[in-house]
1. Counting only the heavy atoms of the protein chains, how much of ASP66 is accessible to a 1.4 Å probe, in Å² to the nearest 10?
2. Please work out the FRET efficiency for the pair SER61 and ASN31, using the Cβ-Cβ distance as r and a Förster radius of 30 Å; give the result to the nearest 0.05.
3. If the cut-off is 20 Å between C-alpha atoms, which lysines fall inside it for LYS79, apart from same-chain ones fewer than 8 positions away?
4. With a point put 7 Å past each Cα toward its Cβ, work out how far SER11 is from LYS46 in nm, to one decimal.
Amino acid sequence: MLNSKRNILLSLGAFAFTLALTSTSAFSSENLFSKLDTNTDGMISKTEAEAHQVLNELFDSLDLDDDGFISPDEFSAAKLGE
Ligand SMILES: [Ca+2]
Ligand SMILES: [Ca+2]
């Protein structure tokens, strides 16, 4: 009985920790995205990506649909804000 209560507390703690971690990284990668999106069209162009060395190098492999822009989805897959 005591054991299972302790397990519930432990998993609640782990859940809260994961949640905090997830929201922190989402926040920072969103920040980075809007920082790089200098013309605020919601996409990062090849020129805008040049401001970020890693993004610049990974640009072609991150641009999954080959439209020449990094969308927020493509950007978050790169996990650059973590
Ligand atoms: Ca842009
Ligand atoms: Ca794209």
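1. So the heavy atoms of ASP66 present about 130 Å² to solvent.
2. Values: r = 23 Å, r/R0 = 0.76.
So, using R0 = 30 Å, E works out to roughly 0.85.
3. LYS35, LYS46
4. Each label point lies 7 Å from its Cα, and together they span 5.0 nm.
The values are calculated or read from the model by the stated rules, or taken from the named source; none is laboratory data. This is a predicted model, so every value here is computed, not measured. Ideal geometry is used to build each Cβ from the backbone, glycine not excepted, and the neighbour counts take in all protein chains shown. Side chains included, ligands, DNA and RNA excluded: accessible areas come from the protein's heavy atoms. Shrake-Rupley method; radii C 1.70, N 1.55, O 1.52, S 1.80 Å.
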